[in-house]
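All remarks here apply to the structure that follows.
Each reported figure results from applying straightforward, stated rules to the coordinates on display, with no laboratory input. Since this is a predicted model, take the numbers as computed values, not measurements. Here the Cβ is made from the backbone with ideal geometry for all residues, glycine too, and neighbour counts use every protein chain on show.
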C-alpha cells in the first residue's frame, strides 16, 4: 500500500505540470511581423557599420549581408575595426540566418543573380569604401 501512494500523487502532479506548459495564448508571427523584425535588425546593423571610421589604426573589412532565396548574399557590408566587430559579425550572422528562414517559410523569390564581393576596401576621408 505504501508503494501505491507515491504513484497516486506523482501521476496527477505530472499531468498538471504538463497541462500548464501549453503556449496556446502565444499567436504565431505573421509574415509582416517577421519582415518588420528583419527590417529593424537590418537598420541596427547598418547603423553600427556606419558608425565605424577608418584611419591609420583601423582596418577596413567587408562581410556578406542578407540571404537571397536562391542563395548567396544580397550585398556586402563595409565596416572598420573601430567598432565591436564581433558584435557586428554576430548580428549579421543572425540576420542572414533569420532571413533565410523567412524566405523558406514564406516562399519568397528573387532573382538568382550572383552578387560579386568587393575586390577590396579602401579608406577615403575616414570612411571605408568598397572597390569592385
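Relative contact order for the stretch 33-131 using alpha-carbon pairs under 8 Å, separation at least 6, rounded to a whole percent?
33
If you average the alpha carbon positions of the stretch 54-80 and of the stretch 103-127, how far apart do those two centres end up, in angstrom?
Using only Cα atoms to place each centre, the spacing works out to 8 Å.
Going by C-beta contacts inside 10 Å, put 119, 108 in order with the fewest on the left.
119, 108
Counting other C-beta atoms within 10 Å, which of 65, 132 has the fewest, and how do the rest follow?
So the residues, fewest neighbours to most, are 132, 65.
Considering the Cα positions of the stretch 33-131, please state its Rg to one decimal place and its Dmax as a whole number of Å.
14.3, 46
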